[in-house]
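A.B. asks: Quick one: the structure is below, and I'll ask about it shortly.
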Amino acid sequence: QRSLLYYCHRNGVPFRSPRRRPRPSLPSPRCASLLPSAIRTDVFVPLRLRPRRSHPPLAMETCPKVKNILLLDSEGKRVAVKYYSDDWPTLSAKLAFEKSVFAKTQKANAGTEAEIVMFDGQIVVYKFIQDLHFFVTGGEEDNELILASVLQGFSDAVDLLLRNIVDKRTALENLDLILLCLDEIVDGGIVLETEGSVIAEKVSSAHGMDGATSLAEQTLVQALTTAREHLAKSLLM
């Protein structure tokens, strides 16, 4: 640059200093306020993380539930009952519900097939076998098919455990088996098992019925014995 200045001075050429590119300047505070916070240089804005939503466990959402399972006699009196909901907090409330649901369904022509009725904001699935009335209650948002499968599993298990003699007298004599049956079907309102043969097998194993002989084998032997007795009676007549 000095040599260029000397040359221009001797030859009478006006000297012009070369222009430099201006450095980028920071925006003024007034202009910076108009910029998005992500590119502003005078303000530091911390990144806010989106709070995580707390969800209940998936198993608790998807597991089917029931509110109670009732086994009443032909007069509406208790044989075996289990409640899994706080909708009926006192004994009097439970007895009132049992009396009402019995009165609601006793005029129906229910048989061995399950029937469904809406009662007091609840779904009640029920069926009658001899002088025993089976009930399973769920909320109005519950699936009727699941409630019906619970009812069917309960009645099938009772039929197997009572050796096809399903009546009030036999049920009271084997009340411990029926209560164990309820524990195998539902725990805290959550449905565990709906297959009658599996439920009866677990109850018989827990109760120690007839040693190592399975319940299915016992039922088959009993059926053969009954058939043999009927055949002998028919031959003697």
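The values are calculated or read from the model by the stated rules, or taken from the named source; none is laboratory data. Remember, predicted model here, so these are calculated numbers, not experimental data. In this analysis, Cβ positions are derived from the backbone assuming ideal geometry, glycine residues included, and neighbour counts consider all displayed protein chains. For the accessible areas, the whole protein counts, side chains as well, though only heavy atoms, and no ligand, DNA or RNA atoms are used. Shrake-Rupley method; radii C 1.70, N 1.55, O 1.52, S 1.80 Å.
A.B. asks: What do you reckon, how do Val198, Val203 stack up by accessible area (1.4 Å probe), largest on top?
C.D. replies: Values: Val198 55, Val203 0 Å².
From most exposed to least exposed: Val198, Val203.
A.B. asks: Okay, moving on. Considering the dipole of region 103-188 built from charges on the beta carbon (Lys and Arg +1, Asp and Glu -1) around the Cα centre, which of Cys181, Ser155, Phe128 is farthest to its positive end?
C.D. replies: Value computed over the given set: Phe128.
A.B. asks: Please give the contour-minus-distance gain from Glu75 to Ser100: 0.36 nm per residue of separation, less the Cα-Cα distance, rounded to one decimal in nm. Mind dumping the intermediate values first?
C.D. replies: Working: separation 25, 0.36 × 25 = 9.00 nm, distance 1.21 nm.
Once the chain is fully extended between Glu75 and Ser100, it gains 7.8 nm.
A.B. asks: Continuing with this model, one more query. At a 1.4 Å probe radius, which order do Asp73, Asp142, Asp87 fall into by accessible area, largest first? Don't skip to the end; give the middle numbers.
C.D. replies: Values: Asp73 0, Asp142 40, Asp87 75 Å².
Result, largest first: Asp87, Asp142, Asp73.
A.B. asks: As a test of reading the structure, rank Arg163, Arg78, Arg169 by solvent-accessible area (1.4 Å probe, protein chains only), most first. Please report the intermediate quantities before stating the final value.
C.D. replies: Details: Arg163 55, Arg78 95, Arg169 180 Å².
I get Arg169, Arg78, Arg163, largest accessible area first.
A.B. asks: Can you work out the FRET efficiency for the pair Asp187 and Thr90, with r the C-beta to C-beta distance and R0 = 25 Å, to the nearest 0.05? List each step's numbers first, then the result.
C.D. replies: Working: r = 23 Å, r/R0 = 0.92.
Efficiency for this residue pair is about 0.60.
A.B. asks: Convert each backbone phi in region 117-126 into a coupling constant with the Karplus relation 6.51 cos²θ - 1.76 cosθ + 1.60 (shift: θ = phi - 60°), then list the ³J(HN,Hα) values in order as whole Hz, x for Gly and Pro.
C.D. replies: So the Karplus estimates, Gly and Pro as x, are 9, 8, 9, 6, x, 10, 9, 10, 10, 8 Hz.
A.B. asks: Given R₀ = 41 Å, FRET efficiency for Asp120-Arg163 by Cβ-Cβ distance, to 0.05?
C.D. replies: Values: r = 36 Å, r/R0 = 0.88.
About 0.70, to the nearest 0.05.
A.B. asks: Under a straight-distance cross-link criterion of Cα-Cα below 18 Å, which lysines are reachable from Lys107, leaving out those fewer than 8 residues away in the same chain?
C.D. replies: Hits, sequence-local ones excluded: Lys77, Lys99, Lys127.
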